[in-house]
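What follows draws every value from the coordinates through simple rules; no lab data is involved. Since the structure is predicted, the reported quantities are computational estimates derived from the model, not experimental observations. Note that we place each Cβ from the backbone using ideal geometry, even for glycine, and neighbour counts take in every protein chain shown.
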Amino acid sequence: MKKIAYLMLCTMIILFSCKKDKEYKTYAVIVQLEYPAGSALSAVEGVKVKATGRNTSFEATTDKEGKAVFNLPNDIYEVSSSDKRTTGLSTFNYNAVKSNVAVAEGWNSEQIVKLELEASAISQIIVKELFTGGTPTDNGSAAFKHDRYVILYNNSNTNASLANICLATAMPYNSTGSNNYYGADGSLTYLKERWMPAGQGFWYFQQDVVLKPGEQIVIALNNAVNNSVTHTKSINFNNANYYCTYDVAITSYPNTGTYKAPAELIPSSHYLKAIRYGAGNAWTLSNVSPGFFLFELKDMTPSALGANVSYNSLYGGSATLVDKKIPVSWVVDAVEAYEIGKANQKRFTGAIDAGYVNYTGDLGYSIYRNVDEAATKAIAGNTTKLVYNYSYGTTNVTGGSTDPSGIDAEASVANGARIIYKDTNNSTNDFHMRSRATLRTN
């Protein structure tokens, strides 16, 4: 019996060893960056390329021919890259992302994974902060999830108009859900057609709003009231300078549980209006993995876009889940979040956002943009006003992140500095998960 037991143990060890060897065997994966046809730009050495698996990520840099070589273990990867170039007086982001790259037994090491970079211009208006996850209640029993907001910021050196800017949400609402926009080839069906689905509806400004360089605007996305009266860690939106999404007409979003009558200090001219074309009595933006973007209407009014069925896309063939096909050229800025610890899929194409930022709900965390340290320090007189030792990062939690510049943007602004934020159209580079939403006072 002892001999049989010994043989069984040896067999188990051998089988386990074989499994481990197979699991940790690596394969050479070649990634080639391809710049847009007709572009004056060509491949350069040193561009970072990232391969993100289900639990790990790897990074490599290109050679002078634009090739990056990885040694990757078995997994399904999302491969992405970003390159920022200046030509003449214009600066462009070049981004690409390719999902569902399956590296497994039988992988051909001579196979080349092509990343087709797409160009997008640097935006004047950017998303500085997005808060959707919810705030812990005072007794700690749950989270209050109706104190969402977004802060838009003029990151340029000239005045910026918000007259035609619209707020939109990606589809599907959660990055962890089934995505009916993925085709049989593993890519997003709208990638080649160069549009982005705006789910359910969008919001727009009643009148022109102009932001000077370095100015920002706060938009309450739910319950534009003093929520801290009920939940002390929540947000007080009772501020005459704030804006809000509030349009309870029967044709838009009449859910009074989500949209309370705005606080008295917010003037009615600051209420954003809605165009609804999909199901639901409240606009949906994920608590755990929001896909949020801004687009600028071109030669069309909001109502005209809402009524134009040629821009419609039926998500999954449903007659009620109507999306709008927003041309990529209209998209001004975007941020995509992944839920920590879950399997996620990209919703934005590389031209819009080639990365993602990890996020978790219920804890009062926000998604905050990183400081462009070089550009910020280049502003005359700025260096002495910058405050370092940033302490609101979340590197102490699983999947957390922080601003690599180490600059405390909010404290620096309070000290008289002007901040230039990162804008590479890649949320992995541009954002981090902040441990405390900036509008919290408690």
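Overview of results
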| read-out | value |
| --- | --- |
| Debye log10 I(q)/I(0) for segment 115-206, one point scatterer per Cα, at q = 0.10, 0.11, 0.14 Å⁻¹ | -0.44, -0.53, -0.82 |
| Using distinct alpha-carbon pairs, which all enter the 1/r mean, Kirkwood radius of segment 55-158 in Å | 18.1 |
| Check: segment 217-319 dipole with +1 on Lys, Arg Cβ and -1 on Asp, Glu Cβ, in debye | 160 |
| At q = 0.24 Å⁻¹, base-10 log of I(q)/I(0) for segment 45-107 (Debye sum, equal scatterers on each alpha carbon) | -1.03 |
| Top positive-direction residue, dipole computed over the chain with Cβ charges, set Val150, Gly400, Ala279 | Gly400 |
| Surrounding net charge for Ala437, when Lys and Arg each add one and Asp and Glu each subtract one, Cβ distance under 14 Å | +4 |
| Options Ser435, Ser318, Asn223, ranked by Cα towards positive dipole end of the chain, top entry (Cβ charges) | Ser435 |
| Alpha-carbon centroid distance for the pair segment 101-172 / segment 218-285, whole angstrom | 21 |
| Contact order relative to length of the chain, as percent, for alpha carbon pairs under 8 angstrom and 6 or more apart | 16 |
| Bridge type composition, the chain - antiparallel percent by DSSP, nearest 5 | 85 |
| Kirkwood hydrodynamic radius over Cα pairs of the chain, then Stokes diffusion coefficient at 10 °C and 1.306 mPa s, in µm²/s | 68 |
| Segment 80-170: GluC sites (Glu not before Pro) in DSSP coil with no more than 13 other Cβ atoms inside 10 Å | Glu105, Glu110 |
| Descending semi-axes in Å of segment 199-238, equivalent ellipsoid built from Cα gyration tensor | 24, 17, 9 |
| 10 Å-binned pair-distance histogram of segment 396-442 (Cα, whole percent) | 21, 50, 28, 2 |
| Nearest 10 degrees, 0 to 90: helix 2-24 Cα axis against the chain principal axis | 50 |
| Cα-centre dipole for the chain with unit charges at Cβ (Lys and Arg positive, Asp and Glu negative), debye to 20 | 740 |
| Around Glu336: net Lys/Arg minus Asp/Glu count, Cβ-Cβ under 10 Å | +1 |
| Around Thr62: net Lys/Arg minus Asp/Glu count, Cβ-Cβ under 10 Å | -1 |
